[in-house]
Amino acid sequence: MMLFTFIAWVLAVLVIAPAIYAVETKDLLSAAIAVGFADLAAAILFLVLQAPDVAITQAAIGAGITLAIFVYAIRRTERWEK
Amino acid sequence: MVALPPVLLIALPLLFAFLAPLVGMVSRRMVKLYTLLVLILNALLSILLFINVMANGVVYEQLSGFYPPVGILLSVGYLGAILAVLINVLSPVVYLSYFGEAENSVKFSMLYMLVTASSTGIVITGDLFNMFVFFEITAVGSYGLVASLRTKEAFEGSFKYIVLGSIGSAFILMGIATIYGYLKTLNFYDIALRIDTMPETARLMSFIFLIVGIGVEAEIFPLNGWVPDAYQGASNRVASFLSVGPSKAGIYAIARLIFTLIPIMSGFELSLLLGIFTLVVGELAALRQRDVKRMLAYSSIGQMGLILIALSLHSETALVAAVFLMVGHALAKSILFIGSRDYSGGLLRNPLIAGPLFLGVLSIVGMPPFPGFWGKWYLMVDLASRGAWTIILLIVFTAIVEGVYYSRYLFRGLNGEIRTLTKSEIASIIILASILILIGLFPQYLYDPAVMAARSLLGGGP
Amino acid sequence: MIALILYYIGIVLCFIGAVFFILGGIGLIRMPDVYNRMQASTKTTTLGLMSIVLGVGLMQPGWLLKAIIIIVFIALTAPVGASAMARAAYKSGVPLWEGTKIDQCEGEPCKRGVKKE
Amino acid sequence: MIPELLQPVFVISAALLSIGLYGVMSKRNMLKIIISLGLVDTGVNVLIVAMGYLPGGTAPIENGNYALYVDPVPQALVLTAIVIGVSVMALALAVAMGYYRKTGTLELDKEGVMKW
Amino acid sequence: MVEGGVFMMDILFFTLISLLAIATFLALYRLIRGPSAADRMVALDAITNVTAGLLILIAFLSGRFIYVDVTLVFAILSFVGLIVVARYLEGGL
Amino acid sequence: MKKALAAVISIAIFIVLSYFFLTGSAPIDYLKGGNYTDPITGEQYNHSVPQQYVEDTKNDTGASNVVTAIVVEYRGFDTLGEVTVLFTAATGLALLLDELKRRTLPVVDPNFILKSAVKVVLPFIILVGAYIFIHGHLTPGGGFPGGAVIAAGFLLMILVHTTRGLPERKLSITESLAGISYVLIGLLGLVFANEFLQNYLPLGNFTMLFSAGIIPLIYIAIGFKVGSELGGIMHNLKGVHEE
């Protein structure tokens, strides 16, 4: 379907741009936020691919829990990459 | 005799591992004994399974009530049975060396049980994705075990292991995705039957993906950067356990991959090349090491290369050699790792420690009459019969290198103050050494199953 | 007939939501500091999301119940999230825009000495 | 010929894989490496789900029309893969925290992880 | 959806999704440029709201009621993520 | 220098992978190709495995969600392994963070808005989590996302109560009991039926809540297990405050 292809191209930008940013930034908190967002966008991509089970799992575990444990780890270590 | 279902080998340890925190709440000191009992039970189960397989051929078990490619199939072949016994018998023996130590916590014992169970799972499963899952349990448990000493080196080694292990698992998943995309199945036999219908490129790509991914666990050349650091950082007993369980399971997975899953000619050539690289790199690096554990780790890499060479020769004798090398390596390396805790010397005054260590070194270097010798001997025979003199020269050369650094290791230990090993550690290495001697003196009890395993693998079976 | 009317209302609501999203996005770009951006974006996007969910609920009347649950949940959480975020930004020492006239929290011991970003 | 929808999906997958591998290879900060590993995981998951896509298909949940279901197996596999990825990530973070406690830094020694 | 030629509804939804896409891109700019982590968090909040809208539109376009569950989980988890980061920034973690 | 090398390598990887994916991709029409063979009996079937799943799920397992049927029934052993991976990771994490547990980081209390909002939202979140894993065989989701949502509820709890952690002992007991019941459900399959994890309960009415045999039971066990494990991970990562 045309429409879903369009959405998928939009999602391509929404996944890849935060991913590049997350790898390049020096601020680990921002990196965690960006990667959390990339994972959420991937969840939408899974829904576009008609996989709601995967989408729901990715949104809950892949994005939500990951961001939380990352922030905890940053809190217990340090926030800035040298 | 009742033929027990092989799934019990995995399900029971999992059940008992889930139960362990509750036992730990009742009494923390009981957990060690409990773990030992569970591991011994598992060893007995594995021996029963071995007897069953040797008597009746390959044991299949389908799970969840659905026939194979639809449900998951467990298939215990001859090689699988041999390795299951190896892992499950050696695991309690290595665990024995933890007795009398205060550090051993409930969680450590749980990880130990889980890694034993999942290594067993790798060698008895007949499903590609199931194997991946067991790989992950093994890997995650090993990460925890490696870091359990909580020193800087332990964390560093564990982190490198995690990084390479995750990349490896990503590669395995890509291989699975490629294979599934073409064949729509995950069962080993089904894949093997229809692998020819895949295009050449896709077959090669999936082979490369899978061998790179499994190679992390099996300590094969491209992705074995974690091995020295992890072995150096881990406690000695953990290092010995790693060379008993996970690495053997990994090499079994490679055997399954190149023999039954994707048996293509270029696959054998590629793995031969990887094996030679692994052997040379490992042995030469071991020569340069000063740290005992690092040296043993690199030597371990070299041995893995040797086993991989034996596997990729695709002949009966070479496969028998591979089995002997695996058994010899598992036994000897665990003796050496346990025995060289605080390696400061004093071997002359401690015959109980010096004896097993000496036997272990002899087996690794390939002196008769130990499993290591039989392995190298059969390998040489096979290579000579096909006139591959360069590889023979290479193996002899690396054996000499091994001799050099192991004799340096032994000489360094001759004098010095009294060694301090606990009684349980000494008991453990003595048991291991006696198994080594038994196999060395009566090789035919291993030779017959090994021949059966070799024939089965060459025929495309498990 | 009613279904058709609801359908069109739904589409209109969806468009309203989309326009609010755009407004929020523009506010996010144009506003000078965190607090203004927060002001501009959280409210508009929350409203936009609500109206899109409601619009879809109207287009498919069977979905209305779950849509309302989602709307209630958003109505509960979005303001809390925004408030927590504003406090967090203030406490972590994000500077106010130089054009700010009133800082009601000034003088209170709520700033934590955090590394400047 | 692959379906039109899968082109962006494969691009995303390949891009995530290469970005993640780049991060693992070039960074020395442990948390950054863990983030990169997470990206690699996501890329692989996207790839696997794409393997089961059927053009014009719908989710394999009671719909009456079996011919339109997308392949359910890759979805089941990816569920497992996601959970495994998070488990490994949590353990890796614990290791990084322990390392930080011992050394006071998150940067790995000298050459980073790829040193042989 | 009608097969073959472009349907009126298709154009409508195309426009709708384009609008949403523009909004996400605007917020994405802030996510990447935003000078402080709080800015990024604001942007993340905005984007999750927009993408939740996108999700429910996808559910509508696929015509499956059950996809709506995803939106609910999405909303819950993005709220929790927001609170975690906010608590981190104010030093309460 | 190293960065440039890494960049070149990763761009090369990108090109190779996208070329491989975009040209050498798999046949998509899975319903047509891929006849399979039963390895034990050697019997040939002229349809593919996914087709078998799609068509027979209703009769075999009684679940409306085929993915759930695969995850819990057909490939249930994988899921046991998956649960074990999470358990292993949680155990390893607790082992590694043992001495990091006590901490003395300064903490700011949350304000009353957050506190009271969490009181309102928390039951709702727990309810949604329970809904997701109980309805795993009917709607998307299941034990893992449901458990994760419940863990998110736990997370909110420990975010608001700064000094208190979670009841670690209770979580640990829940986790153990859930894991044990999962394996026991499987072993009972070995007893009552023939095989491990085989269904031995009536399938019930299709698309009803109480149907699909052991699937809801297993998903409930998984939900509890995942929830308590992830909660335990959060608890351990947070650490306990020394008073």
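The values are calculated or read from the model by the stated rules, or taken from the named source; none is laboratory data. Small disclaimer: the values here were computed from a predicted structure and weren't measured. Here Cβ is always computed from backbone atoms with ideal geometry, including for glycine, and neighbour counts include all displayed protein chains. Just so you know, the surface numbers come from the protein's heavy atoms only, side chains and all, with ligands and any DNA or RNA stripped out. Shrake-Rupley method; radii C 1.70, N 1.55, O 1.52, S 1.80 Å.
Brief remarks on what is shown
- Charge context of B:I208, other residues only, Cβ under 14 angstrom, K/R +1, D/E -1: -1
- Here the Debye sum runs over all C-alpha atoms of region B:148-192 as equal scatterers in vacuum, and log10 of I(q)/I(0) at q = 0.18, 0.32 Å⁻¹ comes out as -0.62, -1.01.
- Calculation over all alpha carbon pairs of chain E in 10 angstrom steps from 0 returns a P(r) of 15, 35, 30, 14, 5, 1 percent.
- Calculated mean residue ellipticity at 222 nm for chain E: -28000 deg cm²/dmol, from DSSP H runs with n ≥ 4 weighted as -39500 (n - 2.57), summed, divided by the residue count and rounded to 500.
- In this structure, the pairs whose alpha-carbon distance is over 30 Å, taken from A:K82/B:K107; B:K152/F:K238; B:K184/F:K58; C:K43/F:K170, are A:K82/B:K107; C:K43/F:K170.
- Electrostatic dipole magnitude of region B:8-458 [Cβ: Lys, Arg +1; Asp, Glu -1; Cα centre; debye, to 20]: 920 debye
- Projected onto its three principal axes, the C-alpha set of chain B covers 65, 60, 44 Å, listed from the longest axis down.
- In region D:1-102, the alpha-carbon atoms span a convex hull of 89 Å³ per residue.
- Peptides B:37-49, F:79-91, B:84-96, A:41-53 ordered by average Cβ neighbours within 10 Å, highest first: A:41-53, F:79-91, B:84-96, B:37-49
- Per residue, region E:8-90 exposes 21 Å² of accessible surface when a 1.4 Å probe is rolled over the protein heavy atoms with every protein chain present.
- Applying both filters, DSSP loop and at most 14 other Cβ atoms within 10 Å, to the chymotrypsin sites (Phe, Trp or Tyr not before Pro) of region F:116-206 gives F:F206.
- The P(r) of region B:248-322 has a tail past 20 Å containing 32 percent of all C-alpha pairs.
- Taking label positions 7 Å along the Cα-Cβ direction at both B:R412 and B:L284, the computed distance is 2.1 nm, reported to one decimal.
- Other-chain or far-sequence residues with amide H under 5 Å of D:Y69's (modelled H): D:T58
- Based on the Stokes-Einstein relation at 4 °C and a viscosity of 1.567 mPa s, and on the Kirkwood radius from alpha carbon pairs, region A:8-82 is assigned a translational diffusion coefficient of 102 µm²/s.
- Per atom type, the protein assembly as shown shows carbon and sulfur on 67% of its accessible surface, probed at 1.4 Å.
- Ordering of D:2-14, B:188-200 by packing [mean C-beta count within 10 Å, highest first]: D:2-14, B:188-200
- Square roots of 5 times each gyration tensor eigenvalue, C-alpha, region F:64-238, largest first, Å: 33, 20, 10
- Once A binds E, the 1.4 Å probe can no longer reach about 3500 Å² of accessible area, counting both sides.
- For the residues of F:130-137, the average number of beta carbons from a partner chain within 10 Å of their own beta carbon is 1.
- Ranked from largest, the principal axis spans of the Cα set of region C:2-91 equal 50, 24, 10 Å.
- Working note: Debye formula, equal point scatterers on the alpha-carbon atoms of region B:403-462, no solvent; log10 I(q)/I(0) at q = 0.14, 0.16, 0.27, 0.28 Å⁻¹ is -0.72, -0.81, -1.04, -1.05.
- Take the Cβ atoms of D:T103 and C:L65, set R0 to 56 Å, and the FRET efficiency comes out at 0.55.
- Applying the Karplus relation 6.51 cos²θ - 1.76 cosθ + 1.60 with θ = phi - 60° to region E:25-39 yields 3J(HN,Hα) values of 5, 4, 5, 4, 4, 5, 4, 8, 8, x, x, 10, 5, 5, 4 Hz, where x marks Gly and Pro.
- Looking at the protein assembly as shown, the pairs of alpha carbons with a distance over 52 Å make up 19% of the total.
- The HN-Hα couplings worked out from phi for region B:448-462 by the Karplus form 6.51 cos²θ - 1.76 cosθ + 1.60 (θ = phi - 60°) are 5, x, 5, 5, 4, 4, 5, 4, 5, 5, 5, x, x, x, x Hz, whole numbers, x standing for Gly and Pro.
- Contact surface E-C: accessible area buried, both sides summed, square angstrom, 1.4 angstrom probe: 4000 Å²
- In Hz, Karplus ³J(HN,Hα) per residue of region B:28-36 (6.51, -1.76, 1.60; θ = phi - 60°; x = Gly, Pro): 5, 7, 6, 4, 4, 4, 4, 4, 4
- Local electrostatic count, D:T58, Cβ distance below 15 Å [Lys/Arg +1, Asp/Glu -1]: -2
- For region B:273-424, pairs of C-alpha atoms spaced more than 22 angstrom apart make up 38 percent of the total.
- Approximate spin-label separation C:Y8-F:Y200, in nm, with each point projected 7 Å along Cα-to-Cβ: 6.3 nm
- Where chymotrypsin sites (Phe, Trp or Tyr not before Pro) fall in DSSP loop in region C:1-109, at most 15 other Cβ within 10 Å: C:W97
- Solvent-accessible area per residue for chain B (1.4 angstrom probe, square angstrom): 29 Å²
- Distance between the 7 Å Cα→Cβ label points at B:L352 and B:D196: 6.1 nm.
- Exposure check, 1.4 Å probe, all protein chains in place: E:F25 carries approximately 80 Å² of accessible surface.
- Relative contact order (percent, whole number), region F:44-138, Cα cutoff 8 Å, 6+ residue spacing: 36 percent
- Amide H to amide H, with H built 1.01 Å from N, B:T125 comes under 5 Å of B:S75, counting only residues 5 or more places away or on other chains.
- Value of relative contact order over chain C, rounded to a whole percent, pairs C-alpha under 8 Å and six or more apart: 26 percent
- When the surface is traced with a 1.4 Å probe over the full set of protein chains, B:T35 keeps roughly 0 Å² accessible.
- Expected 222 nm ellipticity per residue - DSSP helices of 4 or more, -39500 (n - 2.57), all of chain B, to 500: -25500 deg cm²/dmol
- Trypsin sites (Lys or Arg not before Pro) lying in DSSP loop within region D:41-115, provided at most 10 other Cβ fall within 10 Å: D:K110
- For the residues of B:5-13, the average number of beta carbons from a partner chain within 10 Å of their own beta carbon is 4.
- Taking amide H as placed 1.01 Å from N in the peptide plane, F:S48 has no amide H partner under 5 Å among residues 5 or more places away or on another chain.
- Relative contact order (%) - criterion: Cα under 8 Å, at least six apart; region: chain D: 28 percent
- In this calculation the C-beta distance from B:I51 to B:L458 is compared with R0 = 22 Å, giving a FRET efficiency of 0.40.
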